[in-house]
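Asks: Below: one structure in structure tokens.
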Protein chains: 2
Amino acid sequence: MGSGICRAGAYAVLGRVIMQKIRETIDQIEPLDERAMRLAKERQDILTKPKESLGVLEDLSIQVAGITRNSMPKIRDKVIITMAGDHGVVEEGVSAYPQEVTPQMVYNFIRGGAGINVLGRHVGARVVVVDMGVAADVEHQNLLNKKVDYGTKNMTKGPAMSSGQAVRSIEAGIEVFEEELRKGLDVVGTGDMGIGNTTPSSAIVAAITGEKVERVTGRGTGIDDAALKAKVRAIKKALKVNQPDPNDPLDVLAKVGGFEIGGLAGVVLGAAAHRTPVVIDGFISTAGALLATELAPLAKQYIIASHNSVEIGHRVMLERMGLRPLLDLNMRLGEGTGAALGISIVEASTKILKEMATFADAGVSEAIEE
Amino acid sequence: MGSGICRAGAYAVLGRVIMQKIRETIDQIEPLDERAMRLAKERQDILTKPKESLGVLEDLSIQVAGITRNSMPKIRDKVIITMAGDHGVVEEGVSAYPQEVTPQMVYNFIRGGAGINVLGRHVGARVVVVDMGVAADVEHQNLLNKKVDYGTKNMTKGPAMSSGQAVRSIEAGIEVFEEELRKGLDVVGTGDMGIGNTTPSSAIVAAITGEKVERVTGRGTGIDDAALKAKVRAIKKALKVNQPDPNDPLDVLAKVGGFEIGGLAGVVLGAAAHRTPVVIDGFISTAGALLATELAPLAKQYIIASHNSVEIGHRVMLERMGLRPLLDLNMRLGEGTGAALGISIVEASTKILKEMATFADAGVSEAIEE
């Protein structure tokens, strides 16, 4: 499985599944637009402030200009895509919560009572909830159904999913992004829900980077020492049993991943293909982004890391992608909560570029040339 | 001068100026309300998320509960008070910009074209601009006139201001806060404008903490090496000529401070006295907050540090006050721009506390007790 994948180009045939949609999406991803970035930088330098005194806000505005090919980008429609899935590996005692919490939280999202709903409203973003693979039937008119299966299989006993399901989960993520783009979308944030999903995420980091499992495995929702030991043991066993190919992100996803993680990789690919900034959340979202950037390294340029998660292993991924998170607020909830706060900062950056007066407009004297 | 000041109590007679307003304000400051904080913490623990998984957002909501004596505080009216003043020390070549930029930027604030206007609008805060001591006549119906004088004197040649002016600047800050409170104010941010005002701010840090001048003096708006040398020299000379008493914050303010810095100290004292969270901006705002907390150590509990400024010396002050900044975005503009972003995070924290569903409300299972 997965032997036909070329990491960067990703032209591949997986069994009988031709991953045409993924291939086409990756092929659309281009480098950022240098001209738009240069124009944005030039404008930042004539706005009424000392040069570069708004630091990361200036950098972000320039990045968004390059992403959107627009030297004065406007962010109006903000969307957070929160993807849910279940994980067979919970049988191994890796989480503090029972699996039934996944569908319960999906309903909480739909009713607007979860953390991501509060922060989505706060920053003016619509929250799109997607069933990527919850292990129960969850139905509601405000829930997108992209269910690949009723939870993954227990990865300590074999692959978490088939190679076809891995492809399907990424494709579904691209589809969701494109559907939301049609409704109006200027920036997208990613989020996740899935009891046990820090376990496959840690497995993905370990598989791809080769880091020791202990160094990339944390306490998730808050497990004790005994459960942490069980979690490390389960990840090690899954890696041993499945032998994922570190050079083949689809193989890694299939063997030790999750449906929502694949979906989030698809959102990142879709955003990059459609020249849209994508603000990633914490540990699980970043695992999805890591898979996407291993498939398509250019996608890195379209990603903004919202925050530094408490979960160890997060920093390892950010460093591999060359991303510096905007926030460090000791958060570890997931759902897209960090992404929501990050989106507000990205929006602020574009308003600075667009709305601030220039020295000439405002009749303000410039710095004295020495 | 200043020999009668008791640091914590601050009952004092300065020459013939009886600082009754300041004294009364300081006397009103009480410790945070433990009961409201306990109730807020108890509610955070039953909301639909793993305990403490929203990290600093949870801490902030509990702090605001304690500040406001309300276990479910609501932030509706957000205000940023941006205070402007000029500095005689600019004669020493300490800034990259000419002094005329101070009134020019005040007009820019009034017209809504500055960074603080953009970010104030972004977070839904009204920006209140105050002339504390601009060295020119600036008049507009939307500008508060609390001018203490037309700029401070050159502190390398004697005190920057009289002891009476120091008291007056703090009193004016308290007055502005109280006037805005009457109009509606649930959280206040501080901001500054004043060409050359990192110089008195560095002098204040050095005077109060005893740190070496070189270790607390940075490039402000972006001066070159020669100007940085001139700046360090000017601060050292000002400290030598004036010998400010490190145990007497009013003496420090008078000898090496600024009118807007005194005003910002007053805003902090007013906020603490009226049980209102105060979100401080960068280097200059923090120098004002440092003076306030040296006068009234309890005021520290009411302060939220918005961001870590590029300006060296900022961290020295934050550490002395025991404050950890929310953001680190490489910013150094001032005006209240960091405070604006910080206010949005504080507001988010109170919404989490108020709007999230509990486990019971949402029918979500709680963590399995081990």
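Every number here is computed from the coordinates shown, using simple stated rules; none is lab data. Keep in mind that what you see is a predicted model, and the values were worked out from it rather than measured. A quick note on method: Cβ atoms are made from the backbone with ideal geometry, for glycine too, and the neighbour counts reach across all protein chains shown.
Asks: Using 5 Å bins from zero, what percent of all Cα-Cα pairs in region A:175-306 falls into each bin?
Replies: P(r) over region A:175-306, rounded to whole percents: 2, 11, 22, 21, 19, 12, 8, 4, 1, 0.
Asks: Tell me the distances, shortest first, between A:TYR150 and the same position across the other copies, using label points 7 Å along Cα→Cβ, in nm to one decimal.
Replies: 8.4
Asks: For the pair B:ARG111 and A:VAL241, how long in nm is the line joining their label points, each one 7 Å along Cα→Cβ?
Replies: Spacing of the two 7 Å Cα→Cβ label points: 6.9 nm.
Asks: What three numbers, in Å, describe the spread of the alpha carbons of chain B along their principal axes, ordered from the longest?
Replies: Between the extreme Cα coordinates on each principal axis of chain B lie 70, 43, 42 Å.
Asks: Cα atoms only: what Rg and Dmax, in Å, come out for the protein assembly as shown?
Replies: Here Rg and the maximum Cα pair distance are 27.3, 92 Å.
Asks: If we count other beta carbons within 10 Å of each Cβ, what is the order of B:ILE80, B:ILE170, B:ILE208, fewest first? Provide the component values of the computation, followed by the final result.
Replies: On the way: B:ILE80 28, B:ILE170 33, B:ILE208 22.
Exposure proxy ranking, most exposed first: B:ILE208, B:ILE80, B:ILE170.
Asks: With r defined as the distance between the Cβ atoms of A:GLU319 and B:GLU91 and R0 fixed at 45 Å, what FRET efficiency is calculated, to the nearest 0.05?
Replies: Calculated transfer efficiency: 0.40.
Asks: Evaluate the distance, in nm, between pseudo-label points positioned 7 Å from the Cα of A:LEU298 and of A:GLU179 along their respective Cα→Cβ axes.
Replies: Going from the A:LEU298 label point to the A:GLU179 one covers 2.7 nm.
Asks: Turning to a different aspect of this structure: Which loop-located GluC sites (Glu not before Pro) does region B:136-204 contain, where loop means any DSSP state but H, G, I, E or B and the Cβ has at most 16 other Cβ atoms within 10 Å?
Replies: Loop-located and lightly packed - B:GLU139.
Asks: Let me ask something additional. Sorting A:VAL267, A:VAL176 on the 10 Å Cβ count, fewest up front, what's the list?
Replies: The fewest-first ordering by Cβ neighbours comes to A:VAL176, A:VAL267.
Asks: Hand me the trypsin sites (Lys or Arg not before Pro) from region A:191-288 located in a DSSP loop with no more than 12 other Cβ atoms within 10 Å, in residue order please.
Replies: Details: sites: A:LYS212, A:ARG215, A:ARG219, A:LYS229, A:LYS231, A:ARG233, A:LYS236, A:LYS237, A:LYS240, A:LYS255, A:ARG275; in loops: A:LYS212, A:ARG219, A:ARG275.
For trypsin sites (Lys or Arg not before Pro) across region A:191-288 that sit outside H, G, I, E and B with at most 12 neighbouring Cβ atoms in 10 Å, the list reads A:LYS212.
Asks: Could you name the aspartates and glutamates in cross-link range of B:LYS157, using Cα to Cα under 15 Å and dropping any fewer than eight places away on the same chain?
Replies: Correct list for B:LYS157: B:GLU91, B:GLU92.
Asks: So what is the relative contact order for chain A, in percent, with contacts set as C-alpha pairs under 8 Å and at least six apart?
Replies: 24 percent.
Asks: Okay, moving on. Using a Förster radius of 41 Å, what is the FRET efficiency between B:ASN145 and B:ASP45 based on their Cβ-Cβ separation? Nearest 0.05, please.
Replies: Values: r = 49 Å, r/R0 = 1.18.
The pair B:ASN145/B:ASP45 has a calculated efficiency of 0.25.
Asks: If you wrap a convex hull around the C-alpha atoms of region A:111-258 and split its volume per residue, what is the figure in Å³? Don't jump to the answer; show the numbers that get you there.
Replies: On the way: hull volume 20.2 nm³, N = 148.
Considering the Cα atoms of region A:111-258, their hull volume per residue is 136 Å³.
Asks: May I ask you to sort A:SER95, B:SER53, B:SER285 by Cβ crowding, counting other Cβ atoms within 10 Å and putting the fewest first?
Replies: Ranking A:SER95, B:SER53, B:SER285 by Cβ neighbours within 10 Å, fewest first, gives B:SER53, A:SER95, B:SER285.
Asks: On a 0 to 90 degree scale, rounded to 10, what angle separates helix B:163-183 from the longest Cα axis of chain B?
Replies: Once rounded, the angle reads 30 degrees.
Asks: Let me ask another. Given the pairs A:LYS300/A:LYS351; A:LYS351/B:LYS183; A:LYS74/A:LYS212, which are separated by over 31 angstrom at their Cα positions?
Replies: A:LYS74/A:LYS212
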